[in-house]
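Laboratory data are not the source of any read-out in this text; all were calculated from the coordinates shown. Since the structure is predicted, the reported quantities are computational estimates derived from the model, not experimental observations. Neighbour counts run over all protein chains shown; Cβ positions are idealised from the backbone, glycine included.
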Amino acid sequence: MKRSPLTVLAATAATATLVLTGCGQEGSPTTGGAAGGGATSGASAPTYDVAADVALTGSPTFDKITSAGRVVVGVKADQPGLGLRSAASGEYAGFDIEIAKLVAASLGLTPDQIEFKETVSANREPFLQQGQVDMVVATYTINDKRKEVVDFAGPYYVAGQDLLVRKDDTSITGPDSLAGKKVCSVEGSTPATRIETEYPQAQLVKLDTYSKCVDQLTANSVDAVTTDDAILRGYAAQQPDALKVVGAPFSEEPYGIGLPKGDTVLRGAVNDAIEQAVTDGDWKAAYDFTLGGSGTDPEPPTVDRY
Ligand code: GLU
């Protein structure tokens, strides 16, 4: 990695983030996923070279970012390992946060020029459509329905729908054993839709965030939580004595970076950034620092330039 003054600045900011995030954690997390920052995975905080003199002619979103001097990125705030806001420091940590930082760096923006804005599953498309965010990096599955109103760069990761249950539960082994069970998922998510359409014998409970579903599970108010395995592993790592992931994924959830529809210039640039990160090792550094402690070592997916 070559060191420009901007890189040094970015490195300093990233270190500060790690320290602050560490202060906000409760207990001693066993994985980077639980920490949302990889404090015990052994990986150090990555830094990303900030590009100089970036010009994206014909991108209205980039024009907006340039004149504002910052990029607004919609992220999750309650998903350990992916997008988690520390209650103590207000800092965000996780794989999606690292992806946002490396994409921002490729557009010429330092970490302190990123404004993270909390999104939940159901408001990702509206936030992009209304211009409330410039991009969304929030465990956001690329699919044709969503592509009708937003665009996607990526994928940068592929998850799969799975189930989180109480540790002592042996009755739920996969989606076919959900008949009559109360299953919690989130409004506006692909896992909720899949339960409704493919497993209607389950009793679906829809809330606005997955952490609320997890609270319902530990309170015995529901029998399972369903969403992407990567998300569920983060919750299980926070309460390993109480919760477990079933571990039989039953869908493919390719994660994309949501962008305002029609900004093909920006989409091309963000796709370039993801490919570059895979090539130069930044993707791996981001993964190892965040999700890497969860015992998985996936190959990055191939970008789909539709
Ligand atoms: N990846 C799925 C989705 O985009 C589930 C995770 C989420 O709701 O953020 O709907």
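Where nothing but the Cβ of Lys and Arg (+1) and of Asp and Glu (-1) is charged, how large is the charge dipole of region 194-306 around its Cα centre, in debye to the nearest 20? Please report the intermediate quantities before stating the final value.
Working: 9 positive and 19 negative charges, 62 e Å.
Using Cβ point charges on Lys, Arg, Asp and Glu, region 194-306 gives about 300 debye.
How would you classify region 31-172 from its alpha-carbon gyration tensor, with a ≥ b ≥ c the square roots of the eigenvalues: rounded for a/c under 1.5, else prolate if a/b is greater than b/c, otherwise oblate? Provide the component values of the computation, followed by the final result.
Numbers: a/c = 2.13, a/b = 1.39, b/c = 1.53.
Note, shape of region 31-172 comes out oblate.
Amide H neighbours of Gln79 under 5 Å, at least 5 residues apart or on other chains, H built in the peptide plane: list them.
Amide H neighbours of Gln79, under 5 Å, 5+ apart: Leu84, Arg85.
Hey, with R₀ at 45 Å, roughly what FRET efficiency would Thr218 and Ala52 work out to, going by the Cβ-Cβ distance, to 0.05?
Working: r = 49 Å, r/R0 = 1.08.
E between Thr218 and Ala52, to the nearest 0.05, is 0.40.
How would region 150-306 be classified by its alpha-carbon gyration tensor: rounded, prolate or oblate, with rounded meaning a/c under 1.5 and the a/b versus b/c comparison settling the rest?
Details: a/c = 2.53, a/b = 1.67, b/c = 1.52.
Cα axes put region 150-306 in the prolate bin.
How about Lys212: which aspartates and glutamates have a C-alpha closer than 16 Å to its C-alpha, ignoring those fewer than 8 places off in the same chain?
Asp78, Glu118, Glu187, Asp223, Asp228
Want the number for Glu252 to Glu148: 0.36 nm per residue separation, take away the alpha-carbon distance, what's left? It would help to have the intermediate numbers written out before the result.
Numbers: separation 104, 0.36 × 104 = 37.44 nm, distance 1.96 nm.
In short, 35.5 nm is gained.
Give me the number: length gained by fully extending Thr279 to Thr170, i.e. 0.36 nm times residue separation minus the C-alpha to C-alpha distance, one decimal in nm. Don't skip to the end; give the middle numbers.
Working: separation 109, 0.36 × 109 = 39.24 nm, distance 4.25 nm.
That pair, Thr279 and Thr170, stretches by 35.0 nm at full extension.
Placing unit charges on C-beta atoms (Lys and Arg positive, Asp and Glu negative, everything else neutral), compute the dipole magnitude of region 64-147 about its Cα centre in debye, rounded to 20.
Numbers: 10 positive and 10 negative charges, 52 e Å.
Computed about the Cα centre, the dipole is about 240 debye.
Could you give me the ³J(HN,Hα) list for region 201-213, computed from phi with Karplus coefficients 6.51, -1.76, 1.60 and θ = phi - 60°, whole Hz, x at Gly and Pro?
Result, rounded to whole Hz: 6, 7, 9, 7, 10, 10, 10, 8, 9, 6, 5, 5, 4.
What lysines could a cross-link reach from Lys147, if we take a straight Cα to Cα line under 26 Å and drop same-chain neighbours fewer than 8 places away?
Candidates past the 8-residue exclusion: Lys64, Lys76, Lys101, Lys117, Lys206, Lys261.
Which value, in debye to the nearest 20, describes the size of the charge dipole of region 96-144 about its Cα centre when Lys and Arg Cβ atoms bear +1, Asp and Glu Cβ atoms bear -1, and nothing else is charged? The partial results should precede the final answer.
On the way: 3 positive and 8 negative charges, 4 e Å.
Its charge dipole is roughly 20 debye.
Below 8 Å, C-alpha to C-alpha, sequence gap of six or more: please give me the relative contact order for region 155-271 in percent. Write out the running numbers ahead of the final one.
On the way: 202 pairs, mean separation 48.4, N = 117.
Relative contact order of region 155-271: 41 percent.
Rg to Rh for region 124-194: what is it, with Cα atoms only and Rh by Kirkwood?
On the way: Rg = 15.6 Å, Rh = 14.7 Å.
That ratio is 1.06, to two decimals.
Rounded, prolate or oblate for region 241-301? Axes are the square roots of the Cα gyration tensor eigenvalues, ordered a ≥ b ≥ c, and the cut-off for rounded is a/c under 1.5.
Details: a/c = 2.87, a/b = 1.63, b/c = 1.76.
It is oblate, given that a/c is not under 1.5 and a/b is not larger than b/c.
Run through all the Cα pairs of region 97-230 and give the fraction in each 5 Å bin from 0, expressed as whole percent.
2, 9, 18, 19, 18, 13, 10, 7, 3, 1, 0
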